[in-house]
Every structure is written in C-alpha cells, then in structure tokens.
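Notes to accompany the following structure.
What follows is calculated from the coordinates using simple rules that are stated; it is not laboratory data. Just so we're clear, the structure is a prediction, and the values are computed from it rather than from any experiment. We place every Cβ from the backbone using ideal geometry, glycine too, and count neighbours over all the protein chains shown.
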DNA sequence: TCCATCTACATAGCATGCTATCCTCATATA
DNA sequence: TATATGAGGATAGCATGCTATGTAGATGGA
C-alpha cells in the first residue's frame, strides 16, 4: 500500500484546483459569472466572432462541454450567436456589451485569487511551478488511456 | 488586460487537474471505479468503520458531495453501512470484499498516471512542486470568499 | 452527379462538486 | 425538564466535464 495520497501529484492537484474554483466562484458570482464562463470570456475578450470549434480548441475542453457553456452564456446574456457566412453548420460567437463591461472586474477577481494562493511562495517559485505544471500537461495531453 | 491565462496558476491548475482525472478515469473504469470513489477508498483502505463526517473531514469535500459519493459506492457494491452504536444519527461505512480486492490494481493505476505525468521532470522537481502546491492549498483553505 | 466521409453542433446520460435546506437526534443550558 | 443550539445526513438544484450518439451541412473523390 505504498500510496500516500498527500504525496500524490494527482490528488494534490485535484484539491488545489477545487480550492481555486471555489475562491474564483465566490468572487465572480456577484458579477453574474461562473468559472467556465469566465474562462470562455478570457478567450473572447481577446477577440470575438469565433466558432464553437475554435473556442473548444483554444480552451482544451470537449466540444460538448463548450456547447453547454455557450448555451448558459447565451441564456445569461453574455453572448450572441450569428450564422457563419460560409458554413451553414457553424455559428459565430459575439460578446454582448454586458460581457465587455465585465472584463476588468472579472480579471481583477481572478488575479486576486492567484495572488492569495501565491502569498506563501518565494519570488521565482511561481514561475518554476508553472513551468513544471506545464511540463506535466504536455506529458498527459494527447495520451488518453 | 494584463491577464495571460497560460501564466495564471488557477487556469493551469484546472487544466492539469482535468487531465489527471481523465487519465485516472480511463485506467480505473475497467475496475468499475470512478475517481471520487477511488479517492474515498484510499481513506477506507487505511481502515474502515468510519462515519460520513470523518470521511468528509479527511478528504476535504463538502458533506453533500460525500453523501452522494457514498450513495453511488453502496449502489455499486463497494461499501455497506451499519448504524452507529452510540449515535442514532450516524452510520459506519464498511468496505465490501469487492472493494478490498481492488486496492492493489487501483493504486497501481493511480501510480502509473502520476509516473506518466512526472516523466518530464527532474529528480527533485516533483517534491518541490508538491511542496509549493501544498503551500498554495494552505493559503486558500479556510478562507472562503 | 452520387456517395462515403468529415465536420460543426446538439443532446442524452452520468459523475463530481458546491450551496442551500430540511429532518432527526444529541447536547448544553436556563 | 424544556428549549435552544449543534451535529450527522439526505435532498434539491445547478454548473462543469466527459463519453457516446445523432443530425445536418460540407467535401472529396469515383
């Protein structure tokens, strides 16, 4: 039974991710946003008029997950969708004024959560951790099963 | 808009946690286990006869989450529950033989996922990352909102 | 032109997680 | 002892994510 969960990278990562999500949720809920909506907005704030497929690629979630997130964002008045001019299967996603107005406060909220999390780390530690986490992401991606 | 998601600890942690969960799921699904069930078994394999409240404390999930996970584990024949001898509100959770038989293969599956993730890191990097992640967990826990 | 195949999305079904409630039993206190 | 408060669980409602399917439009040959 040489499996100590507190020394398991997967276990600890899961715990940390849930804590990040809880804190982010608490800070952006007053803005009317949920975490996955915020993540999607991060991409759209860089430029809207994207298709669902493009968002799916850039945010590394499954197509079905993105479809549901976009449906909730439309329901909540964060996006509008228009027919794709060249492809009748696709739609383009556009930000509403409401979504544009949330960019600064939402980014500030996310930034403050990151700052809180990093409060106990030394200067270069954060960059080092990010580098190693990205290395793990590379090792795990495109290797399902 | 100085918010680069690939440099955001929360964003990267979320991505990595989902990858861990996907790989773990792929490897333990053949055993009839889901990730949260495996996590709960990790605690019960160390000693069963625990209450739901004790499991909730040790695994850092909400009470309602644990209630649902235990309901699915009972449905799947992984646990049995008996009345608490001193407290009529509580029940004790016991492993079935089936759950006991899964300890080695399930732990092996989780171990192999961790190994895959860590493949690109140097010797001491994993311990260092774990240390920093635990520091972030400490900074975020018990500070809801 | 026709058909096989692919692609873009939608939907169904399920597991996790969380917050908010509610119920029951336990306990401390007036 | 009567009552207020607390603790253990269950349940409802919702957001995320994933896999598996289904549908309609796009495309590349034969």
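Computed FRET efficiency, Cβ-Cβ of residue A:63 and residue B:6, R0 22 Å: what is it to the nearest 0.05?
Working: r = 21 Å, r/R0 = 0.97.
Efficiency, from the Cβ-Cβ distance: 0.55.
Roughly how far apart, in whole Å, are the Cα centres of the range A:82-134 and the range B:101-145?
Each part reduced to its Cα centre gives a spacing of 24 Å.
Please quote Rg/Rh for the range A:86-137 to two decimal places, taking the Kirkwood radius as Rh and restricting both calculations to Cα atoms. Could the numbers behind the result be given before it?
Values: Rg = 17.9 Å, Rh = 14.5 Å.
Radius of gyration over Kirkwood radius for the range A:86-137 works out to 1.23.
Averaging sequence separations of C-alpha pairs under 8 Å and six or more residues apart, then dividing by the length of the range B:8-110, give the relative contact order as a whole percent.
Details: 92 pairs, mean separation 28.1, N = 103.
This gives 27 percent for the range B:8-110.
When you look at the Cβ of every residue in B:53-63, what mean number of other chain Cβ atoms sits within 10 Å? Numbers along the way, then the final one.
On the way: counts 0, 0, 0, 0, 0, 1, 3, 4, 2, 2, 0.
Partner-chain Cβ atoms within 10 Å, mean over residues of B:53-63: 1.
Calculate how large, on average over all directions, the projected area of the Cα convex hull of chain A is; give the answer in nm² to one decimal. Numbers along the way, then the final one.
Numbers: hull surface 45.6 nm².
If I average the Cα hull's projected area over directions, I get 11.4 nm².
Between residue B:82 and residue A:26, what is the label-point separation in nm under the 7 Å Cα-to-beta-carbon projection?
Roughly 4.0 nm, to one decimal.
Quick check: the angle from helix B:9-28's long axis to the longest principal axis of chain B, C-alpha only, nearest 10 degrees?
50 degrees
Of the listed peptides A:127-140, B:120-133, what is their order by residue-averaged count of other C-beta atoms within 10 Å, with the highest listed first?
Working: A:127-140: 18.4, B:120-133: 15.4.
In decreasing order of mean packing, A:127-140, B:120-133 become A:127-140, B:120-133.
How many times 2.2 N^0.38 Å is the alpha carbon radius of gyration of the protein assembly as shown?
1.10
Calculate for the protein assembly as shown the 222 nm mean residue ellipticity that helices alone would give, adding -39,500 (n - 2.57) per DSSP H run of length 4 or more and normalising by residue count, nearest 500 deg cm²/dmol. Each step should come with its number before you reach the end.
Working: 14 runs with 178 residues, N = 290.
Using -39500 (n - 2.57) per qualifying helix, the result is -19500 deg cm²/dmol.
Taking the label point 7 Å from Cα in the Cβ direction, how far apart in nm is residue B:4 from each other copy of itself, listed shortest first?
Listed shortest first, these distances are 3.6 nm.
How many Cβ atoms of partner chains, on average, are near each residue of B:122-130 if near means within 10 Å of its Cβ? Provide the component values of the computation, followed by the final result.
Values: counts 2, 0, 0, 6, 4, 1, 4, 12, 8.
Per residue, the average neighbour count from other chains is 4.
Can you compute the radius of gyration and Dmax for the range B:52-121, using only the Cα atoms, both in Å?
Spelled out, the Cα radius of gyration and Dmax of the range B:52-121 are 15.5, 52 Å.
Once you place label points 7 Å from the Cα toward the Cβ at residue B:54 and residue A:53, how far apart are they in nm?
Rounded to a tenth, the inter-label distance reads 5.4 nm.
Counting other C-beta atoms within 10 Å, which of B:5, B:74 has the fewest, and how do the rest follow? Display every interim value, and only then the final one.
Numbers: B:5 18, B:74 14.
Going from least to most buried by this count: B:74, B:5.
Within 10 Å of each Cβ in peptide B:20-29, how many partner chain Cβ atoms are there on average? Round it to a whole number, please.
The per-residue average across the peptide is 4.
With everything on Cα atoms, drop me the angle between helix A:125-140 and the longest principal axis of chain A, reported from 0 to 90° to the nearest 10.
The two axes meet at around 70 degrees.
Assuming a viscosity of 1.306 mPa s and a temperature of 10 °C, what translational diffusion coefficient in µm² per second does Stokes-Einstein assign to the range A:1-74, Rh being the Kirkwood radius over Cα pairs?
Diffusion coefficient, whole number: 112 µm²/s.
If you fit an axis through the alpha-carbon atoms of helix A:103-118 and take the longest principal axis of the Cα set of chain A, what angle between them do you get, 0 to 90°, nearest 10?
10 degrees
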